[in-house]
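This report concerns only the one structure given below.
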Amino acid sequence: MEIGGFFPYEKNSIETNGYIDLVCPDAGDVSHLMSGRCAIYLCLKDFMLTDKKRTAYLPAYTCETVSGCFVKAGFEIYYYDVDRCLVPQFDDSLIDKIGFLLICGFYGFSTFDTDFVRTCRSRGVTVMQDTTHTAFSPYGACPETDYIAVSLRKWMGVTSGGLAVKRTGRFGVSPIPADTEHLKIRDLALYTREQYEKTGDETLNKKSADAFWKAEWMLREIFDMQAGDEASLRSILHYPLGDAIQKRRENYAYLLRHLPDDPAVRPVFPELPDDTCPMFFPFFCEDRESLMEHLAANGIPPKVYWPVPPFIDIEKYPGARYVYGHIMSVSCDQRFTTDDMQRIADVFTAYREKNSDNC
């Protein structure tokens, strides 16, 4: 069976996991949404009730669905670059031009400068943190934020994975009803994926992937600020969070110890801090397509987050341009064992040896 792919439905705990307190223990209001982009859009619509500037500062290395929320809401957008450690390169001269700052981590790791965030907020800029890439990291959200948005579908099997948090006060806007057709397709994808992971039947793998991508493309067309379903919220609040964090950290650490040393394939984050729960294991690759083909052929489907969004003139952001062109990742989540991680390490070793023989 492949090592990777999206999540199936999973068994949850009877006990609640305190996830909302982990994200933001002093939350003023929390809303469960159909997706992470729905959560971002809800926060933006709430912010727009009082905002006059309609200007935002976003990472140049980001998902199209994130920047697309701001495009849909009619914002003028400035972008900040990132370096090859995925550290944001903020420009202080833009602070007085913007009304809204979006910050985030990458692949489980928090890399942004909190002093810049604090300065922005002291000068009247509203701050939102997208915690999608740091959803399980135990340090929670940056305290210098007004809004928090997260998508949990890259961390667990849920049909509706969006949460929106307003730190002070209540949301002044309300979610609209979920799109039932979208949830129905996503339910089929998760259920069929569950059957694939039980049986290893590759026809079920294809069927689940087809349903997953049908739901993904549909969501790009219909997203607004749709509410989530009750079953998904129960799953989020009863997910065995501690076990998942421990397993992800163990798997990431195992890969750090056992992956071959290859200057052409470099881990983006070669250390694992105590307060970090990885989302994936990301690499910079000089010949990404060759490595991705090798991994896929060996049952390890790689991930690329993300293609360059159509809203960004990427030539203006050389750091982000490099990242878009060279980054990829493999799964190290709670479904997999150290034996699976050894299999990944063996496949990377075979790739290095094959390339050495060709030199």
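The values are calculated or read from the model by the stated rules, or taken from the named source; none is laboratory data. Here the structure is a predicted model, which means the values were calculated and not measured. Heads up, the Cβs are rebuilt from the backbone with ideal geometry, glycines too, and the neighbour counts pull from every protein chain shown. Note: accessible area is taken over every heavy atom of the protein model, side chains too, but ligands, DNA and RNA are not part of it. Shrake-Rupley method; radii C 1.70, N 1.55, O 1.52, S 1.80 Å.
A few points about this structure:
- Leading residue by the ranking (modelled with the lowest pLDDT) among those in the stretch 1-54 that are among the β-branched types (Val, Ile, Thr) and open to solvent by less than 50 Å² (accessible area, probe 1.4 Å): 23
- Note on the stretch 99-134: residues that are assigned to a loop (DSSP other than H, G, I, E, B) and crowded, with 24+ Cβ neighbours inside 10 Å amount to 2.
- Condition check for residue 162: in contact (Cβ under 8 Å) with a residue 12 or more places away in the chain, open to solvent by less than 50 Å² (accessible area, probe 1.4 Å) and at positive phi: no
- Members of the stretch 78-98 found to be under 22 Å from residue 313 (Cβ atoms), outside any strand (DSSP E or B) and within 20 Å of the chain's Cα centre (by Cα), listed by number: 83, 84, 86, 87
- Residue in the stretch 317-332 that is most open to solvent (accessible area, probe 1.4 Å), counting only those that are out of contact with any Gly (no Cβ under 9 Å at 6 or more places or on another chain) and part of a loop (DSSP other than H, G, I, E, B): 317
- Check on residue 345, within 30 Å of residue 200 (Cα to Cα), aliphatic (A, V, I, L, M) and either surrounded by 14 or more Cβ atoms within 10 Å (Cβ to Cβ) or modelled with pLDDT of 95 or more (or both): yes
- Of all residues making up the stretch 278-302, the number that are open to solvent by 10 Å² or more (accessible area, probe 1.4 Å) and either among the aliphatic types (A, V, I, L, M) or assigned to a helix (DSSP H, G or I) (or both): 8
Every residue, every condition in (1) of a type outside the set (Ser, Thr, Tyr); (2) open to solvent by 50 Å² or more (accessible area, probe 1.4 Å), yes or no:
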position	(1), (2)
213	yes, yes
219	yes, no
225	yes, no
234	yes, yes
254	no, no
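- Of the set (1) within 22 Å of the chain's Cα centre (by Cα); (2) hydroxyl-bearing (Ser, Thr, Tyr); (3) not in a loop (DSSP other than H, G, I, E, B), all apply to residue 305 but (3).
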